[in-house]
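The values are calculated or read from the model by the stated rules, or taken from the named source; none is laboratory data. Because the structure is predicted, anything quoted here is derived from the model rather than measured. Don't worry about glycine lacking a Cβ; one is built from the backbone with ideal geometry, like all the others, and counts go over all protein chains shown.
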Amino acid sequence: MSAEVRIRSAAGADLEALGALKLRASLAWGDHARALKAMPDARTVPTEHLPFVFLAVDGGRILGFATVLPSDAGAELEDLFVDPAVWRRGVGRRLMDEAARRALALGASSLHLIANPHAQGFYAACGFEEIGEAATELGPAVEMELRLAAGA
């Protein structure tokens, strides 16, 4: 990975690669493999989300992506996936900073998510706080929220 990581909006031509990255990153934790492989949602990014998806890229290589959707509660971080080959190299943090910026641009005062238990520490380090629990297809998960400040 070079120092030339940049953020760009996703395009339709990216959807297949994003689905593959989403599944690869999900499987890297080593749990729920059978269930994840059976879930179509674990390997796709809905076309209707495309205007809200952005990527971290290095040259032509997609390192990760995130989706910030408008919601009644402010904004929802629907996806944040980083290629396991570049975990712990700042890509997730770059995507999170962009997610907060995009949530603010949507007029949100907070960014909400349902956290994978493996990623809870990352989100807490980014300033998210636990606000409740949610049921998912893979079991219970923690709901988290980041309060956003204009000009952040």
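Looking at this structure, is Ala75 at pLDDT 95 or above, surrounded by 13 or more Cβ atoms within 10 Å (Cβ to Cβ), under 17 Å from Leu113 (Cβ atoms) and small (Gly, Ala, Ser)?
Working: at pLDDT 95 or above: yes; surrounded by 13 or more Cβ atoms within 10 Å (Cβ to Cβ): yes; under 17 Å from Leu113 (Cβ atoms): yes; small (Gly, Ala, Ser): yes.
Against the criterion (at pLDDT 95 or above, surrounded by 13 or more Cβ atoms within 10 Å (Cβ to Cβ), under 17 Å from Leu113 (Cβ atoms) and small (Gly, Ala, Ser)), Ala75 qualifies.
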Name the residues in the range 120-140 that are under 17 Å from Ser26 (Cβ atoms) and surrounded by 19 or more Cβ atoms within 10 Å (Cβ to Cβ), would you? Tyr123
Check on Val68, surrounded by 14 or more Cβ atoms within 10 Å (Cβ to Cβ) and touching a helix residue (DSSP H, G or I) at 6+ places or on another chain (Cβ under 6 Å): yes
Go through (1) out of contact with any helix residue (DSSP H, G or I) (no Cβ under 9 Å at 6 or more places or on another chain); (2) surrounded by 13 or more Cβ atoms within 10 Å (Cβ to Cβ); (3) at pLDDT 90 or above one by one and return the number of the condition Pro117 breaks. (3)
Quick check on the range 51-72. Is at least one of its residues over 13 Å from Leu18 (Cα atoms) and basic (Lys, Arg)? no
Entirely in the range 51-131, the strands (runs of 3 or more DSSP E) that have 3 or more residues that are more than 13 Å from the chain's Cα centre (by Cα): 61-71
